Amino acid sequence: MLRVPVGEPVDLSAYDAAATPGGPKNKAAGRAATARMGKPLAALQERLWAAGAAGDRRRILLVLQGMDTSGKGGTVKHVIGLFNPSGCRIQAFKAPTPQELGHSFLWRIRRALPRPGEIGIFDRSHYEDVLIARVRDLVPRGEIESRYEQINDFERSLTEDGVTVVKCFLHISYDRQRRRLLKRLDNPDKHWKFDPADIDERALWPAYQEAYEIALRRCGTPYAPWYLVPADRKWYRNWAVSRLLLEHLRALDPQYPPADFDVTKCRERLLKGP
């Protein structure tokens, strides 16, 4: 229901950021439904982790992209909080360091990938290099164009190596973003999350929307599709991402590995022990 059609033009203005497609009827029901997913999600994660320890190379990579205040950090807090943190690898990508700028734009991404059995979460990702880089003209346009195919090749190689890539664009409206920024300004405890540059970025909203539309179209593939998650309602955003992870984990259906020792003999030894 949330999957962006592969290969088709994307018009973000046609998507209601406050919509709740397929979701519970209201906030209370949504929060309750998300909480109920905690137990099956944790059980499937444990099975994935156990299978990875036995040589199964499969893992999940959740990519979260969206404008400021769309809830990337909030999703990590509320959704990934349903998992055992020891089986998660979380990476929040900021502006690249001088060392990172000395390498291919995918270099730092490869270093943060989840290991077999893990669930990896990217708060921002390699898509920054075709989003902000495009809007701010940080690299030549020809280089930007080549990066779309590099990303597709990279994601194809991930899927061939056992990575299930779940890419979520958290779609927030212009007005909702303003409200959330104002809340940060009105609460001294949230001032650390505010940057005056956020106001400057809002002036580039149309350019960012266009950059996202291009990325969603050019880098939406059968092996790594995009999911457009309406993010004006936080409870729905959390429910939708949790549901996506649950569906993908169920599709993987990881199994506990069989014992590679004689269970009966080990039990007898313990019973006979000192």
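The values are calculated or read from the model by the stated rules, or taken from the named source; none is laboratory data. None of the values given here were measured: they were computed from a predicted structure. Using ideal geometry, Cβ is built from the backbone for each residue, glycine included, and neighbour counts are taken over all protein chains shown. Accessible surface is based on the protein model in full, side chains and every heavy atom, while ligands, DNA and RNA are left aside. Shrake-Rupley method; radii C 1.70, N 1.55, O 1.52, S 1.80 Å.
Structural remarks
- Among the residues of segment 226-247, those identified as touching a helix residue (DSSP H, G or I) at 6+ places or on another chain (Cβ under 8 Å), in a helix (DSSP H, G or I) and of a type in the set (D, E, K, R) are K234, R237.
- Any hit, segment 55-68, residues being assigned to a strand (DSSP E or B) and farther than 23 Å from Y236 by Cα: yes
- The residue pairs whose first member lies in segment 176-200 and is assigned to a helix (DSSP H, G or I), whose second member is open to solvent by 60 Å² or more (accessible area, probe 1.4 Å) and basic (K, R), and whose beta carbons are closer than 6 Å, counting only pairs six or more residues apart or on different chains, are R184/K190; R184/K193.
- The residues of segment 81-123 that are among the small types (G, A, S), open to solvent by less than 70 Å² (accessible area, probe 1.4 Å) and not in a loop (DSSP other than H, G, I, E, B), listed by number, are G81, G87, A92, G120.
- Test result for R267, open to solvent by less than 90 Å² (accessible area, probe 1.4 Å) and over 17 Å from the mean Cα position of the chain (by Cα): no
- Restricting A240, A224 to residues that are in contact with an Asp or Glu (Cβ under 9 Å, 6 or more places away or on another chain), modelled with pLDDT of 95 or more, within 26 Å of D16 (Cα to Cα) and not charged (D, E, K, R) narrows the list to A224.
- Residues in segment 6-35 that are surrounded by fewer than 12 Cβ atoms within 10 Å (Cβ to Cβ) and closer than 24 Å to A224 by Cα were compared, and the one that is modelled with the lowest pLDDT is G7.
- The conditions of being open to solvent by 20 Å² or more (accessible area, probe 1.4 Å) and at pLDDT 95 or above are not met by V130.
- Here G87 meets the list (1) of a type in the set (G, A, S); (2) modelled with pLDDT of 95 or more; (3) within 23 Å of R57 (Cα to Cα) almost entirely, failing just condition (2).
- Boolean, R184 is open to solvent by less than 60 Å² (accessible area, probe 1.4 Å), over 30 Å from G52 (Cα atoms), over 23 Å from the mean Cα position of the chain (by Cα) and among the charged types (D, E, K, R): yes
- Filtered residue count, segment 32-54, keeping only those that are without any contact (Cβ under 8 Å) to a residue 40 or more places away in the chain and not charged (D, E, K, R): 3
- Filter result (among the β-branched types (V, I, T) and either free of Cβ contacts under 8 Å to residues at least 24 places away in the same chain or under 18 Å from R218 (Cα atoms) (or both)) within segment 164-173: V165, V166
- Scanning segment 68-80 for residues being touching a residue at least 40 places away in the same chain (Cβ under 8 Å) and open to solvent by 20 Å² or more (accessible area, probe 1.4 Å) gives a total of 5.
- Pairs with Cβ under 9 Å, 6+ apart, first in segment 237-251 and within 12 Å of I119 (Cβ to Cβ), second of a type in the set (D, E, K, R) and open to solvent by 10 Å² or more (accessible area, probe 1.4 Å): L249/R47
- Taken together, the residues in segment 137-163 that are in contact (Cβ under 8 Å) with a residue 24 or more places away in the chain and open to solvent by 30 Å² or more (accessible area, probe 1.4 Å) amount to 4.
- Boolean, V165 is under 19 Å from R243 (Cα atoms) and outside any strand (DSSP E or B): no
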